[in-house]
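Report on one structure; see the data block that follows.
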């Protein structure tokens, strides 16, 4: 998970270009939500502006960083996801989920919210594009927080800050950047802090999106690191004539528009800090790929 930078002005401009009347229709619908104290229907559809978010996110999932197809086909494998759900929010984790995945926390993760965050149902600042696994079975209508729920009848996302969300928002300029709370040790997503609010955010986010339990993600990260490992070796080989090309491979892997950027950056940083440890991680990862896991 990583932050995708886009200003509110840029987002508005992009939406107006794709669907010129969408924001006006969304304001009218939001007025209706607030008047009736409930989500009253999906028109205008957020799918109209899905290409905007796919472009901002460089055609990858906002949460797990897996690559998606481009706009022509990628719209079929991802959803415009409501960060704060528009309908009733259940408590997370549910008892069944907690038992299934052995989830237990010594801090609160939020009471249910009947009716959900209906005031944000048509807020462009409450959207991100998520792959089907992240959106449907994992994100669903859940939204963990460590504070008290704010009733859903507010239309601006910053009016909910007092809830102290336990998930970082992956777009824009507000709040905690995902990469400041989540790092990587080889393939494994890890919390960057040992205690405090950022530790809690990192821990919940990793569990929430099952970032360490999805074989497809682990294999994709393994392939990224395998390529990086050999590029780093080539770059630092005094006898290599391909050092410049290898550096380009490394630089490309660090770009936000590449799959699993956070994981790639973490491995490069570990190599620069402790090459021996990076080698051990790389050997484990190559063994993993050879084993055919996943």
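Given the options 23, 192, 248, state which has the largest fluctuation in a GNM of the chain using a 10 Å cut-off (strictly under) for Cα springs. So, out of 23, 192, 248, the one fluctuating most is 248. Going by neighbour counts of Cβ atoms within 10 Å, the residues 267, 208 line up, fewest first, as 208, 267.
Using all pairs of distinct alpha-carbon atoms, the Kirkwood hydrodynamic radius of the stretch 241-294 works out to 12.4 angstrom.
Hey, what's the per residue convex hull volume over the C-alpha atoms of the chain, in cubic angstrom?
Values: hull volume 41.8 nm³, N = 294.
Hull volume over Cα atoms, normalised by residue count, gives 142 Å³.
Among 285, 245, 206, the order by Cβ neighbours within 10 angstrom, fewest to most, reads 245, 206, 285. With the convex hull constructed from alpha-carbon coordinates only, the stretch 49-135 shows a mean projected area of 6.8 nm² over all directions. Computed from Cα positions, the angle between helix 261-273 and the longest principal axis of the chain comes to roughly 40 degrees. Take the convex hull of the alpha carbons in the stretch 1-75; its mean projected area over all directions comes to 5.8 nm². Helical runs assigned H by DSSP (4 residues or longer) give the chain a calculated mean residue ellipticity at 222 nm of -12500 deg cm²/dmol, each run adding -39500 (n - 2.57) before division by the residue total. At q = 0.24, 0.26 Å⁻¹, what is the log10 ratio I(q)/I(0) for the stretch 135-177, with the Debye formula run over Cα points and no solvent? Log-scaled intensity ratios, in q order: -1.03, -1.14. Taking the chain as the reference, fit the longest principal axis to its C-alpha atoms, fit the long axis of helix 275-291 to the helix C-alpha atoms, and give the angle between the two in degrees, 0 to 90, nearest 10. Helix 275-291 sits roughly 80 degrees off the main axis of the chain.
Direction-averaged projected area, Cα convex hull, the stretch 170-239: 6.4 nm², rounded to one decimal.
Test of understanding: ordering 198, 84 by Cβ neighbours within 10 Å, fewest first, what list do you get? Exposure proxy ranking, most exposed first: 198, 84. Pick from 239, 202, 183: which is most flexible by mean-square fluctuation in a GNM of the chain where alpha carbon atoms under 10 Å apart are linked? Result: 239 has the largest fluctuation of those listed. Across the stretch 148-294, the volume of the C-alpha convex hull divided among the residues equals 130 Å³ per residue.
Contact order, relative form, for the chain: 19 percent (alpha carbon pairs under 8 Å, 6 or more residues apart, mean separation divided by residue count). Between 0 and 90 degrees, the angle of helix 215-235 with respect to the longest Cα principal axis of the chain falls at about 40 degrees. With the simple model of a label 7 Å out from the Cα in the direction of the Cβ, residue 27 to residue 284 spans 5.4 nm.
Placing a pseudo-label 7 Å from each Cα along the Cα-to-Cβ vector at residue 251 and residue 71 gives an inter-label distance of 2.8 nm. Derived value for the stretch 7-157: Kirkwood hydrodynamic radius 16.4 Å. Basis is the mean of 1/r over every pair of different alpha-carbon atoms.
All of the numbers you see were taken from the coordinates with simple rules; none came from a lab. Just so you know, these numbers come straight off a predicted model, no measurement behind them. A quick note on method: Cβ atoms are made from the backbone with ideal geometry, for glycine too, and the neighbour counts reach across all protein chains shown.
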